[in-house]
Amino acid sequence: MSNLSVPERKQEAFYIKINNLLNKPDLDNHSEALANILMANYHILNGDAIRAREFLSVAQPLVQNVDTPSLEHQYQYVNIFVLRSEGDLEQALTTSENLYEEVKDIWGMNKLGDLILERAYISSLLSLYKEAITLLDLALDYALESDDPYLISETYNVFGILYNFLNDNQSAIMYFEKAVEVMEKHPALVSNIYFYANLGDAYRTNKQYEKALELTHKARLLSIQENDVPLQAFTHQVEARIDTDTEQYQAAIEQLEKAKALQEKVGEKLFGYELQTDFAYAYLKLGELDKAEQHIEYAIEEAAKVAALDDFYLKKLRAEISAQRGEFEMAFELLDESFSVYRDTFNDNLTYVSNLSREQLDQERLSFENKLLEKENQISTKFVEQYKEYSTWLITLIILLLVLLLICCWLLIRYRRLARTNQEMALTDNLTLLPNRRQVFRKLDNEHQRSTLNKSVYSLIIFDVDHFKTINDRFGHHVGDKVINRLARITRHILRDNDTIGRISGEEFLIILPDTVMDDATQIATRLNEQFANADFEDLAEGIHLTASFGVTEYTPEDEHLDMVINRADHLLYKAKKEGRNRVVSTSRDDSSED
Ligand SMILES: Nc1nc2c(ncn2[C@@H]2O[C@H](COP(=O)(O)OP(=O)(O)OP(=O)(O)O)[C@@H](O)[C@H]2O)c(=O)[nH]1
C-alpha cells in the first residue's frame, strides 16, 4: 500500500482502505502505526493539518514501540509536511535533513526527489534561496531520472514559487506554465491543482487579470471537488489580490475574510502572514489607515509563528501608510529601511534573479519615491496656501484689534479730559473763571491746616464791591457781569502766584495770602482798593466808578477753627461797610488795630 504514488494516497479510495484496516480488531502494532501514518498522510495531502497531527500523535508511541527504521522513516516523512503546515519551518527543515541522511541509500529516486523537493520548498519559505535552488536542481535530477510526472511538475511548481519570492515574475510564470503543462498531460495528477492557483497569481502579478481569474476559478472548483480547504483559501486570496489590483477593495476584503475562515478551519498557519499582509494592503488602498496598520501588526504576529517575515514588503506598506498620513519624513525613512532589508535578504541571491526583475524593482522604487514626492509637494503647496490664508486673516484681525485699541485709547483720553473739565467746572466760577466758593474754602482749609502744623502764618481778605446794585440798575446786568470780571482780573494781577482769590458770592471775593502777616495783607487790600477806584471802565459804560470794602485778618495760633478766622474777616468787612464803605478794616494781633 505504501508503494502508491502521492496522488493515489490522496484519493478517497485510499482513505476507505486505510480506514477499513484501522477498524480491524486484531491489528498488530506495526500495522496500526503504519495505518495511522498513512491516514495522517491522506489528511495532510488534503490540507487538513489538524486531523493529520491527530493521527500522527496516535502513531508516535506505536512507532517507538515497534522500533523499525522503515516505519520511523515513514513517520518522519509525513511529520515534515505536517510541521510545515503547522508553521514550524525550522523543525520541518531539520527533520527533512536528518531523514534524507538516513534514507538516501535506501529510498527510490522518486521518493528521495519528493523529500528533497519538500526541503527546497521549506528553504525558500525560510528565505534560504541559495540552498533552495541547489536542492531544486537535485530534485529535478531525481524527478527526470525516475521519470515521475508528479515529481517533475511539483519541482517546476516549487521553482515557480521560488522565483515568485525573488520577484522574478517572468521566470515564475515560465515554471508554473511548465508545471501545468506536465500535469495536464497526466490527468491522474489531480492533486497538483495548486499549480493553477499559483499560475493565476503569477499572471495577476503580470497584470493578466482575465487569465488570472480564469485559473483561480478553475483551481477553486477543483479544490472544492477535492475538498482541499487550504487551496480553496488560497484561491480566495488570489482573487482578493486581483480585486485589489483592479481597485475593487471592498470585494477584496470579502474574499480575504473567506480565505481567513477557511485557513482557520483546518489549522493552516503557514499563509496567515501573507493573508494579513493582503488585508493591510487592501485597507491601505481603501484609505482605512488605522485598520491597515492593525493588520500589519497581525501580520507580524503571524510571521513570528512561522519564523518568516517579509520585512521588505511590510516596511514598504508602512511607508505608504505614513505617506497617506502626510508623515513624509517617516515615509522616506521606512522606504529606505525597506530597500536596505531587500538588499540584505536578496544580495546573495541576486544572481538568480533576472535583470528584468531587478529593473522592475528599481522602477518600482523610483515610481514610489516619485509618488511620495508628488504627494509631499501637493500637501506643502496646500499648506502654503492655507498658511497664506491664515496669515491674511491674522493680519486683518491684528489691524482690527489695533483700530479697536486706538478707539479705546481715544475714548479714554476724551473721557479723562471731560472728567477733568467737569471737575474743574465744578470748582470754577463761570463768570470770572476763578475758584468758586467751594474751591476757595477748600484751599483755605488746606492753608489753615498747613499753617497750624508748620506754625506759620497766613492772612485773609474778604472784599465786597460797594453799591454794586446801582451799577446793575444803571447799566444793566450784563455790564455788571463785565465789571465783576474785570475786578477779578485786576485782583489776580496784583496777587502773587501762590496767593489765591476766589469769588464767594455775587460781588464778594476772598483772598488767601500764605506766609503773609496782616500788615502786608492790609497794604495789598489798600492797593487793591486804589486800583479799583482808579480803574477805567469807560469801554463798558460811561461814568462807572467804584470802590470796595475790605475786611483783613491774620491767622493766629489761637484760631483753633477756621470759622474763627472767616467770621473775623466777615465781621471786619461788615464793619468797613458800616463805617461808610471804600475802606480797609483790619484787626491787629490783639484784635484792636483798625485801618
Ligand atoms: N451783574 C451781576 N450782578 C450781581 C451778580 N451777583 C449779584 N449781583 C447783584 O449785586 C447786587 C448786590 O447788592 P447788595 O447786596 O444790595 O449790595 P450793594 O448794592 O453792593 O451794596 P453794598 O454791598 O451794601 O455796598 C445785587 O443787585 C445783585 O443782583 C452777578 O453775578 N452779576
Worksheet, complete the sentence: Plugging the Cβ-Cβ distance of ASN227 and GLU254 into 1/(1 + (r/R0)^6) at R0 = 35 Å yields, to the nearest 0.05, a FRET efficiency of 0.95
Practice prompt. Express in nm, to one decimal, how much length is gained between LYS185 and ARG438 on full extension, taking 0.36 nm for each residue of separation and deducting their alpha carbon distance.
Written response: 78.1 nm
Response to the item:
Two pseudo-spin positions, 7 Å from Cα along C-beta at GLU247 and at HIS561, lie apart in nanometres by 10.5 nm
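Between LYS469 and ARG414, what's the calculated FRET efficiency when r is the beta-carbon distance and R0 is 60 Å? Round to 0.05.
Computed FRET efficiency for LYS469 and ARG414: 0.90.
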Discussion item. Could you work out the percent of alpha carbon pairs in the range 437-586 separated by over 28 Å, rounded to a whole number?
Written reply: 18 percent
Worksheet entry | the chain: proportion of alpha-carbon pairs further apart than 48 angstrom, % | 51 percent
Discussion item. Quick check on packing: order 59-68, 275-284 by the mean number of other C-beta atoms within 10 Å, highest mean leading.
Written reply: 275-284, 59-68
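When a/c reaches 1.5 or more, the comparison of a/b and b/c decides; with that in mind, is the range 190-309 rounded, prolate or oblate per its Cα gyration tensor?
Note, shape of the range 190-309 comes out oblate.
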Response to the item:
extent check for the range 1-103: Cα max minus min per principal axis, descending, whole Å, gives 38, 28, 23
Fill in: In range of the label at SER456: residues from the range 482-517 whose backbone nitrogen is under 15 Å from the point 7 Å along Cα→Cβ
496-500, 512-517
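Return an integer: the convex hull volume of the alpha-carbon atoms of the range 108-188, in Å³ per residue.
In the range 108-188, the Cα hull volume divided by residue count equals 71 Å³.
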Fill in: Hydrodynamic radius by Kirkwood, which averages 1/r over all alpha carbon pairs of the range 363-446, in angstrom
19.1 Å
Response to the item:
Between HIS478 and GLU374, the two model label points (7 Å from Cα along the beta-carbon direction) sit apart by a distance in nm of 9.3 nm
Worksheet item: Can you list residues whose amide H is under 5 Å from VAL585's amide H, if they're 5+ apart or on another chain and H is modeled 1.01 Å from N?
Response: PHE550, GLY551, VAL552
Item to complete: Return a whole-number percent for the relative contact order of the range 108-188, with Cα pairs under 8 Å and 6 or more residues apart as the contact set.
Response: 27 percent
Fill in: Relative contact order of the range 190-309, defined on C-alpha pairs under 8 angstrom at six or more residues apart (%)
18 percent
Response to the item:
Expected unfolding gain across THR396-ASP141 under the 0.36 nm per residue rule, minus the alpha-carbon gap, is 83.5 nm
Worksheet entry | Vicinal HN-Hα couplings computed from phi for the range 498-514 (Karplus, 6.51 cos²θ - 1.76 cosθ + 1.60; Hz; Gly/Pro x) | 8, 7, 10, 10, x, 9, 9, 6, x, 10, 10, 10, 10, 10, 10, 10, x
Worksheet, complete the sentence: Taking Cα pairs closer than 8 Å and at least 6 residues apart, the relative contact order of the range 47-134 in percent is 22 percent
Worksheet item: Which of the peptides 147-160, 471-484, 530-543, 210-223 is most tightly packed, and how do the rest follow, going by the mean number of other Cβ atoms within 10 Å of each residue?
Response: 147-160, 210-223, 471-484, 530-543
Response to the item:
In nm, the gap between the two label points placed 7 Å beyond Cα toward Cβ at GLU542 and GLN60 is 14.9 nm
Discussion item. Suppose R0 equals 56 Å. What FRET efficiency, 1/(1 + (r/R0)^6) with r the Cβ-Cβ distance, do ILE300 and LEU404 give to the nearest 0.05?
Written reply: 0.45
Worksheet item: Where the convex hull is taken over the Cα atoms of the range 68-220, what is its projected area averaged over directions, in nm²?
Response: 9.0 nm²
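No lab work stands behind these numbers, since they all come straight from the coordinates. Computed from a predicted structure; not experimentally measured. Here the Cβ is made from the backbone with ideal geometry for all residues, glycine too, and neighbour counts use every protein chain on show.
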